[in-house]
Amino acid sequence: MYQVAIVDDNRSDAERVMAFLTRFSEEKQQNIVCTWHASADEFLSSYHMQYDIVFMDIRMQGTNGMEAAQKLREKDRTVILIFLTSLAQYAVQGYEVDAMAYIIKPVTYPALKMKMEKALGRCRKDVPDIVINEGGARVSVHADDLKYVEIFDHNIQYRTSSGIIKGYGTLKDVEAALPEHGFFRLNKQIIVNLKYVTRIEGKNATVDGQEFAISRQRKKEFLADYHLYGLNRRKGSD
């Protein structure tokens, strides 16, 4: 699954982009989830590195797209950024914030399709698939789509972007199969994807709207790993 943000204060323009993305996802058989943000400030305040691709309008009321892009890059150096603009000369500044491309408004489907094909080619190339045994069948899940794994009712339960998959085995085996970085075992019953951690408060971490206890013995290591994860996302390929 690919998470895409559209940051545009013009509803009709945003809906046009979302409609084209829906068409693209159907044609390419890709699971693309779109989220519209009507202002740059609202987008930035809710941003926690959850998106793969961001479509950013340059001319917006309040914080404009270029200012928002600069603030975005302070948080995340790797997310793919595509500018939307009515004037091509504005997009030249995009190189300063490592924008992949720009699309001239009004957006056309061929232009969006070409940029999306390029963007998907850059997304998550190095993140492996996880193979889960579900009732005798083998299910492949992209590691980036796996939010957390927990022991539930004496079985292993995988919470993914598409829903829950029930498997069997031990958390130790699951931990060994996951990428070396990006996942952390909070306690004896749960492993979380650091990408989906939205809040850490006291003894708990919030993942996908659910609160989970952090083992007292593991909290210091968890905080260090979470901090390092954020730094690595910001550094990108530097």
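The values are calculated or read from the model by the stated rules, or taken from the named source; none is laboratory data. Quick caveat, the model's predicted, so the values are computed rather than measured. Here the Cβ positions follow ideal geometry from the backbone for every residue, glycine too, while neighbour counts run over all protein chains shown.
Annotations for the structure displayed:
- Filter pass, residue 201 being among the charged types (D, E, K, R), closer than 30 Å to residue 75 by Cβ and within 20 Å of the chain's Cα centre (by Cα): no
- Residues satisfying the stated conditions in segment 132-141, i.e. at pLDDT 80 or above and within 21 Å of the chain's Cα centre (by Cα): 141
- Among the residues of segment 1-52, none is identified as small (Gly, Ala, Ser), part of a loop (DSSP other than H, G, I, E, B) and at pLDDT below 95.
- Residue in segment 20-31 that is within 24 Å of residue 197 (Cα to Cα), under 19 Å from the mean Cα position of the chain (by Cα) and not charged (D, E, K, R) present: yes
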